[in-house]
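Structure, as structure tokens:
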Amino acid sequence: MTEVREDLEAFAAGLFDGFFRADQRRWGQAYVRGLLLDGRRKSVEPMAARLGEDGNRQALAHFITSSPWDPAHVRARLAWRMHETIGPEALIIDDTGFLKDGDASAGVSRQYTGTAGKVTICQVGVSLHLARDHASAAVNWRLFLPASWDPASAVADADKVARRTRCGIPAQVGHVEKWQLALDMIDETRSWGIDVPLVVADAGYGDAAAFRLGLEERDLPYAVGVSGRRTAHPADARPVQPACAGTGRPPKVQYPEPARTMKDLAVAAGKAAARPVSWREVSRPGKGRSGFKRMYSRFVALRVRPAGRGIRKVAGDPELPERWLLAEWPSGETEPVQFWLSNLPSGMPLATLVRLAKLRWRIEHDYREMKQALGLAHFEGRTWGGWHHHVPLVSAAHAFCTLQRLTRNPKDTAPV
């Protein structure tokens, strides 16, 4: 830490420069430094014990849980810095779980999280990351509030609603679907002047037609995962006018054949349509020119017309819009194993389409680093505001590590 202390102070000064109070600037820098110091646990008490002259547990706890600073200020400054450094190819959206033993923290409920791979007691945070192949950074966060915490919901839980005040949940905050939180973060990030070249997300978001339509309404390109059971028409399908029965209103123009699942469309194209693509290197030794193993699989890319009531209503045209269906079909499998939809241009090369759709791996890498080394899931406070203070500071610590790696070797694009 000694050799990078000066760099860290300059980095933190940029994040906290807009804070009016000197004590907030001091404890903000101390908190980020505490997250970066060696130590298994990164909650306030063990960090204070390691911080020396800045190890004031009470001051650190007050700064993170009660001090009235706006985390959006830190998020915006972090986004500006990392956008300039990374030059992102995409914004990646996902969510991660924060496992809890009790039920007193804001937003805690029995819900599914990929962190545990099951339904369990946890909080869930939705995050937005700037990314390209060699670097990424989490620059925006929202804590998901389950419907059971929303007094306006039909499934509101009286005990959880009663805990809202103790958890400091603002009265105007209610249950919002994760895909809508993602759109809200995209809007906020764009309001900071951050360009959005592409949005990448997994099927948890891509399966929501409203999320895809929200991106299209914002004129944003995307490559998002979908489940194989989602439906579409082949690109060459055309709607027709059914014959009129003679009385009443004429029937609406419609596609003569029912929509088929994404999986069925890919299978119908046949395994012979799958083409080999290598999209990135990993850290394991391999036979490539660089000495690292390359990620490789086979993919089918088709032009399709995604179906669904919501899409038909928004399209405003009997003919549904054309999109890419990308399906991964490994040579050893009897059917495709993963699917994506994208509104990228029709002439997009297959290798580029695959690489961009697969860029989501960066967010898993970020979660792993922030949880294992930087205390993302170590916040022991129970308040809404405390959580939203803690996570952008963990993101700041992670961003500082990324900046150090890139600064020490600007050409460092080695696999991770």
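The values are calculated or read from the model by the stated rules, or taken from the named source; none is laboratory data. Since we're looking at a predicted model, the values are computed, not measured. With ideal geometry, Cβ positions are generated from the backbone for all residues, glycine too; neighbour counts draw on all protein chains shown. What goes into the accessible areas is simple: the full protein's heavy atoms, side chains included, and nothing from ligands, DNA or RNA. Shrake-Rupley method; radii C 1.70, N 1.55, O 1.52, S 1.80 Å.
For the chain, give the percent of accessible area contributed by carbon and sulfur heavy atoms, probe 1.4 Å, rounded to a whole number.
49
When the chain is fully extended, how far beyond the present Cα-Cα distance does D184 get from R309, taking 0.36 nm per residue of separation?
Details: separation 125, 0.36 × 125 = 45.00 nm, distance 2.36 nm.
Gain on stretching D184 to R309: 42.6 nm.
If you count the DSSP beta bridges with both ends in the chain, what percent of them are antiparallel, to the nearest 5? Of the beta bridges lying entirely in the chain, close to 90 percent run antiparallel.
Just to confirm a number: summing +1 for Lys and Arg and -1 for Asp and Glu over residues other than P88 whose beta-carbon lies under 11 angstrom from that of P88, what do you get?
On the way: positive: R132, R362; negative: E84, E89, D133, D195.
Local net charge: -2.
Of all aspartates and glutamates in the structure, the ones whose alpha carbon falls short of 19 Å from that of K252, not counting any fewer than 8 places away in one chain, are D317, E319. Only protein heavy atoms count here; on that basis, with a 1.4 Å probe, W192 has an accessible area of about 40 Å². Could you tell me how many degrees, from 0 to 90 and to the nearest 10, lie between the Cα long axis of helix 384-408 and the main elongation axis, the longest principal axis, of the Cα atoms of the chain? Long axis of 384-408 versus the principal axis of the chain: about 90 degrees.
The amide H of L91, built 1.01 Å from its N in the peptide plane, has L198, V199, V200 as neighbours under 5 Å, considering only residues 5 or more places off or on other chains. Phi angles across region 205-218 convert, under the Karplus curve 6.51 cos²θ - 1.76 cosθ + 1.60 with θ = phi - 60°, into 3J(HN,Hα) values of 9, x, 5, 7, 4, 5, 5, 4, 5, x, 5, 5, 4, 8 Hz, Gly and Pro given as x.
Accessible surface computed residue by residue for the chain, with neighbouring protein chains in place and a 1.4 Å probe, gives 47 Å² per residue.
Where does helix 178-191 land angle-wise versus the long Cα axis of the chain, in degrees 0 to 90, nearest 10? Tilt of helix 178-191: around 70 degrees.
Estimated at 0.36 nm per residue, the fully extended path between A162 and D38 surpasses their Cα-Cα distance by 40.8 nm.
If you add up the charges near R238, with Lys and Arg at +1 and Asp and Glu at -1, over every other residue whose beta carbon is less than 10 angstrom from its beta carbon, what do you get?
On the way: positive: R305; negative: D236, E319.
Taking every other residue near R238 into account, the sum is -1.
Sparsely packed loop sites in region 1-33 (the chymotrypsin sites (Phe, Trp or Tyr not before Pro) outside DSSP H, G, I, E and B with at most 15 other Cβ atoms within 10 Å) comprise F20.
Computed per residue of the chain from DSSP H runs no shorter than four, each worth -39500 (n - 2.57), the mean residue ellipticity at 222 nm is -11500 deg cm²/dmol. In this simple spin-label model, placing a label point 7 Å from the Cα along the Cα-to-Cβ direction at both M295 and E364 gives a separation of 0.7 nm.
For helix 22-36, report the angle its Cα long axis makes with the longest principal axis of the Cα atoms of the chain; keep it between 0 and 90° and round to the nearest 10°. Helix 22-36 sits at roughly 70 degrees to that axis.
Remark: region 80-96, residue by residue, has Karplus-estimated 3J(HN,Hα) of 4, 5, 6, 5, 5, 7, 7, x, x, 8, 7, 9, 10, 10, 6, 9, 9 Hz, where x stands for each Gly or Pro and the curve is 6.51 cos²θ - 1.76 cosθ + 1.60 at θ = phi - 60°.
Under 14 Å from the Cβ of D101, count the other residues' Cβ atoms, weight Lys and Arg +1, Asp and Glu -1, and hand me the total.
+1
Using R0 = 41 Å, the C-beta based FRET efficiency linking E333 and A72 works out to 0.35. Using r as the Cβ-Cβ distance of Q404 and A243, and R0 as 51 Å, what FRET efficiency do you calculate, to the nearest 0.05? Efficiency for this residue pair is about 0.15. Using a cut-off of 18 Å between Cα atoms, the listed pairs K42/K100; K42/K371; K42/K178; K100/K160; K178/K263 include K42/K178; K178/K263 as exceeding that distance.
Listed by chain and number, the aspartates and glutamates whose alpha-carbon sits under 16 Å from that of K358, ignoring those within fewer than 8 places in the same chain, are E89, D94, D133, D202, E281, E328, D366.
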